[in-house]
1. Check off (1) outside the structural domain of residue 78 (by TED's automatic domain parsing); (2) basic (Lys, Arg); (3) in a helix (DSSP H, G or I) for residue 158 and give me the number that stays unchecked.
2. Pick from 181, 150, 163: which is at pLDDT 90 or above, touching an Asp or Glu at 6+ places or on another chain (Cβ under 7 Å) and surrounded by 12 or more Cβ atoms within 10 Å (Cβ to Cβ)?
3. Within the stretch 32-52, identify whether any single residue is without any contact (Cβ under 8 Å) to a residue 12 or more places away in the chain, on the phi < 0 side of the Ramachandran plot and hydroxyl-bearing (Ser, Thr, Tyr), and answer yes or no.
4. Is one or more of the residues making up the stretch 67-76 assigned by TED's automatic domain parsing to the domain that holds residue 21, within 19 Å of residue 199 (Cβ to Cβ) and at pLDDT below 90?
5. Go through (1) among the hydroxyl-bearing types (Ser, Thr, Tyr); (2) surrounded by 16 or more Cβ atoms within 10 Å (Cβ to Cβ); (3) under 21 Å from the mean Cα position of the chain (by Cα) one by one and return the number of the condition residue 83 breaks.
6. Count, please, the residues in the stretch 181-202 that happen to be part of a helix (DSSP H, G or I) and either more than 22 Å from residue 132 (Cβ to Cβ) or not basic (Lys, Arg) (or both).
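The values are calculated or read from the model by the stated rules, or taken from the named source; none is laboratory data. Since the structure is predicted, the reported quantities are computational estimates derived from the model, not experimental observations. A quick note on method: Cβ atoms are made from the backbone with ideal geometry, for glycine too, and the neighbour counts reach across all protein chains shown.
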Amino acid sequence: MSDDLVVHVVEDDLAMRDALLLLMRSASLPARGYASAEEYLAEQDGRQSACLLVDIRLPGINGLALQRELVSRGADPAIVMITGHGDIPLAVAALKAGAIDFVTKPFDPAALLDSVREAWQRTAETRRRAAAAAEIDARLQTLTPREASILALLTEGRPSKIIAADLGISPRTVEHHRARIMEKMRARSLSQLIRAALGRIG
């Protein structure tokens with residue numbers, strides 16, 4: 001588990017918040033508590049994907065509004081909502097907006113943990129994909145303008161002879177550039193190179 005990936009528990013009731021934090025930690029899930037959505041937003045960046053356990057009924061910014069705020073900041077939050085029976089329409093709206101799940105009070109601890117683990121795993125995967133994309137972007141920045149042009153043409157499916165004709169260079173020069181591109185991009189095959197490039201420049 002990532003050292004900086006914790007379950008953010010946003011719950012205004014102190015006794016409930018402490019109980020939830022204890023439950024998370026008993027399941028080896030690092031957790032941090034907040035008394036309000038405003039407190040969470042003040043302490044966290046709000047733009048990085050995060051795993052949250054949020055009471056939908058909060059003073060000030062409620063759980064659904066918090067979810068919408070995080071999405072508006074460009075985050076991809078993995079949220080499990082805690083709801084009362086009367087809040088189910090709000091919880092359904094949260095699901096439609098991308099929440100992982102909602103659990104109703106009084107909740108089954110095992111079921112709650114299952115939902116939180118799903119949110120945790122999605123957060124970890126989102127962060128993994130973001131890190132991989134950032135690494136590819138960094139590698140793309142190392143390409144020369146000529147290499148970047150050739151890579152763009154490769155992603156269009158053009159063979160070396162056509163690329164050479166388009167750029168007014170020899171096919172051998174294209175092959176030399178392609179080898180350098182694959183080295184810089186750390187691609188083991190042309191298909192791997194194109195898949196990586198299409199994900200960032202396609």
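1. (3)
2. Sole residue among the options that is at pLDDT 90 or above, touching an Asp or Glu at 6+ places or on another chain (Cβ under 7 Å) and surrounded by 12 or more Cβ atoms within 10 Å (Cβ to Cβ): 181.
3. Scanning the stretch 32-52 turns up no residue that is without any contact (Cβ under 8 Å) to a residue 12 or more places away in the chain, on the phi < 0 side of the Ramachandran plot and hydroxyl-bearing (Ser, Thr, Tyr).
4. So far as the stretch 67-76 goes, yes, one or more of its residues are assigned by TED's automatic domain parsing to the domain that holds residue 21, within 19 Å of residue 199 (Cβ to Cβ) and at pLDDT below 90.
5. Going through the list (1) among the hydroxyl-bearing types (Ser, Thr, Tyr); (2) surrounded by 16 or more Cβ atoms within 10 Å (Cβ to Cβ); (3) under 21 Å from the mean Cα position of the chain (by Cα), residue 83 breaks only (3).
6. Final tally of qualifying residues: 14.
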